[in-house]
Amino acid sequence: MSIVQNFDLFAHKLVDKRESFCSGHRACQGCGEVLALRHICKALGDDIVVANATGCMEIISSNYPHTAWEVPWIHVAFENAAAVGSGVEAALKVLRRKGRIPDRDVKTVAVAGDGGTVDIGLQALSGAMERGHNMTFFCLDNEAYMNTGIQRSSATPFGAATTTSPAGKVSMGQKTGKKNVPEIMVAHNVPYVATACPSYPLDLMNKVEKAKRVQGPSYIHVFSMCPTGWRSASSETIKLGRLALETGVFPLYEVENGKYRLTVEMPEKLRPVSDYLKLQGRFRHLTPADIEKVQEKVNQELKKLLHKVETSKSWLE
Ligand SMILES: Cc1ncc(C[n+]2csc(CCOP(=O)(O)OP(=O)(O)O)c2C)c(N)n1
């Protein structure tokens, strides 16, 4: 599998980068979300302020009196990471204008889980994107409310069993499909939207670096594998992220000023979605007919995306 994008110097210098999200946090073994956060922090560097919605990443990083954060960080409510980020960004602007802080770029960053983004945080996110704050919003999508005990969110995929979309005689797990928030962000006409996954760390970090350079709002939706909630082996975390791409479940792309581009090539022949599903207990109950439905939905979504990528090519230059 080749990465379409040329790596920039930043990525090559990656090993020299200091970690501003440090060890000693309490994430589960094999947590994809915390791995993504480490990559994100490495790529962002020190000149950032982070507004972090309540959720796994806040809980595991800030048990009083300890903190894993070595950059300015604010724990905010479940619903308002984007609103607090907006306020921070506006305040930094004013303080800089008044000469109260050094006149250098400090990026405001908001971080939330899928619940804090696609459900309860969506209104705040939409407002921040529409107002055009110079802020990057990261959705760390582990596809359920994991911190509070694996409840479904509107990012939970079709068929997945969670405690509030259980699998049993009367229910086959999540009945709805994933809400496409990257697409909702594109509809806000923001300069930069991307999907990413810690199984492709250079692709992820290049996107973070790009988003940081945008003078305006940007959004990165990060697929975050979760052994605890997905009932998968912690040793398979990276493999699951790769399988998500190779089966077409989670393609990696970016949308720069409305132009779609795949950043990691899809394999010529996609693997069957069952290769991805069978490693996860949350899909264990699915019948062959259910799996067929999942496959159809994946094919459909991918087709729509590839069409956008193709039509963008004609106006890329
Ligand atoms: C208004 C409100 N409702 C419910 C909660 C309880 N709560 C805290 S975190 C959370 C789930 C977080 O899920 P998600 O955003 O997906 O992040 P994850 O923990 O999966 O990383 C919930 C329901 C809350 N803090 N505030």
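If you go through segment 53-67 and keep only what is in contact with a helix residue (DSSP H, G or I) (Cβ under 9 Å, 6 or more places away or on another chain) and more than 10 Å from the ligand (Cβ to nearest atom), you end up with just Ser61.
Taken over segment 235-272, the criterion of being touching a Gly at 6+ places or on another chain (Cβ under 6 Å) and more than 18 Å from Phe223 (Cα to Cα) is satisfied by Leu270 alone. Do the conditions hold for Gly87, that is, is it open to solvent by less than 50 Å² (accessible area, probe 1.4 Å), free of Cβ contacts under 8 Å to residues at least 40 places away in the same chain and assigned to a helix (DSSP H, G or I)? Yes: the conditions hold for Gly87.
Considering the conditions (1) modelled with pLDDT under 95; (2) over 30 Å from Ile150 (Cα atoms), Ala90 is excluded by exactly one of them, (1). Of everything in segment 46-77 that is out of contact with any Lys or Arg (no Cβ under 9 Å at 6 or more places or on another chain) and polar (S, T, N, Q), the residue that is least open to solvent (accessible area, probe 1.4 Å) is Asn52. Scan segment 115-151 residue by residue and report those that are surrounded by fewer than 23 Cβ atoms within 10 Å (Cβ to Cβ) and closer than 20 Å to Cys31 by Cβ. Hits for segment 115-151 are Asn147, Thr148, Gly149, Gln151. Scanning segment 24-65 for residues that are part of a strand (DSSP E or B) and touching an Asp or Glu at 6+ places or on another chain (Cβ under 7 Å) yields one hit, Asn52. Restricting attention to segment 127-156, the residues that are away from the ligand (no atom under 16 Å from the Cβ) and either among the hydrophobic types (A, V, I, L, M, F, W, C) or assigned to a loop (DSSP other than H, G, I, E, B) (or both) total 6. Determine if segment 215-226 includes at least one residue that is surrounded by fewer than 24 Cβ atoms within 10 Å (Cβ to Cβ), in contact with a Ser or Thr (Cβ under 8 Å, 6 or more places away or on another chain) and touching a residue at least 40 places away in the same chain (Cβ under 8 Å). No, because not a single residue in segment 215-226 is surrounded by fewer than 24 Cβ atoms within 10 Å (Cβ to Cβ), in contact with a Ser or Thr (Cβ under 8 Å, 6 or more places away or on another chain) and touching a residue at least 40 places away in the same chain (Cβ under 8 Å). Which one of these does Gly248 not meet: (1) away from the ligand (no atom under 16 Å from the Cβ); (2) on the phi < 0 side of the Ramachandran plot; (3) open to solvent by less than 10 Å² (accessible area, probe 1.4 Å); (4) not in a helix (DSSP H, G or I)? Only one criterion in (1) away from the ligand (no atom under 16 Å from the Cβ); (2) on the phi < 0 side of the Ramachandran plot; (3) open to solvent by less than 10 Å² (accessible area, probe 1.4 Å); (4) not in a helix (DSSP H, G or I) is unmet by Gly248, namely (2).
The values are calculated or read from the model by the stated rules, or taken from the named source; none is laboratory data. Note that the structure is a prediction, hence the values are computed from the model and not measured. Here Cβ is always computed from backbone atoms with ideal geometry, including for glycine, and neighbour counts include all displayed protein chains. Surface areas here come from the heavy atoms of the whole protein model, side chains and all, with no ligands, DNA or RNA. Shrake-Rupley method; radii C 1.70, N 1.55, O 1.52, S 1.80 Å.
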